[in-house]
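Comments concern the structure below.
The values are calculated or read from the model by the stated rules, or taken from the named source; none is laboratory data. Since this is a predicted model, take the numbers as computed values, not measurements. Every residue, glycine among them, receives a Cβ derived from its backbone with ideal geometry; neighbour counts consider all protein chains shown.
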Amino acid sequence: MATHHDHDLPAGEIPKPQTKAIWKTFFILVALTAVEFLFAFTMDAGTLRNSIFIILTIFKAFYIVAEFMHLKHEAKALIWSVLLPMALVAWLMVALISEGSYYFESVTNYFR
């Protein structure tokens, strides 16, 4: 990952591969995906299942951004400048879906 210390090596020396970190990332993502599939295919369809599935997907997305885009190795101000707008966008989506479903129900009940 971003913990390369190439300046510590003698000239012409190749750094050791970081396969341990790669396998750790792989198994964490496999475990999160397995839990997502477990909830997706074993629970009945409903708000609880969808909420759990969305939350696990968001956790996996944040982990992927942290690992593969090397965000976890950046300054805290940069991390917050990425995470805070994303949290606000997620809140906006929830609010719009909630208001949209209320509006849909009120319109359909009005014309019955």
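Within segment 9-19, can one find any residue that is modelled with pLDDT of 90 or more and either among the β-branched types (V, I, T) or surrounded by 12 or more Cβ atoms within 10 Å (Cβ to Cβ) (or both)?
Step one: of segment 9-19, the residues modelled with pLDDT of 90 or more are none.
Looking through segment 9-19, none of the residues is modelled with pLDDT of 90 or more and either among the β-branched types (V, I, T) or surrounded by 12 or more Cβ atoms within 10 Å (Cβ to Cβ) (or both).
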Odd one out for A40, checked against (1) in contact (Cβ under 8 Å) with a residue 24 or more places away in the chain; (2) more than 19 Å from L83 (Cβ to Cβ); (3) touching a Phe, Trp or Tyr at 6+ places or on another chain (Cβ under 9 Å): (1)
Subset tally (residues that are more than 28 Å from I97 (Cα to Cα) and outside any helix (DSSP H, G or I)) for segment 27-55: 0
Conditions (1) exposed (fewer than 11 other Cβ atoms within 10 Å of the Cβ); (2) farther than 30 Å from Q18 by Cβ; number of the one not met by K76: (2)
One residue from F62, F111 being surrounded by 13 or more Cβ atoms within 10 Å (Cβ to Cβ) and not polar (S, T, N, Q): F62
Whichever residue in segment 70-105 is at negative phi and outside any helix (DSSP H, G or I) and, among such residues, is farthest from the chain's Cα centre (by Cα): A75
Selection status of I58, assigned by TED's automatic domain parsing to the domain that holds S98 and in a helix (DSSP H, G or I): no
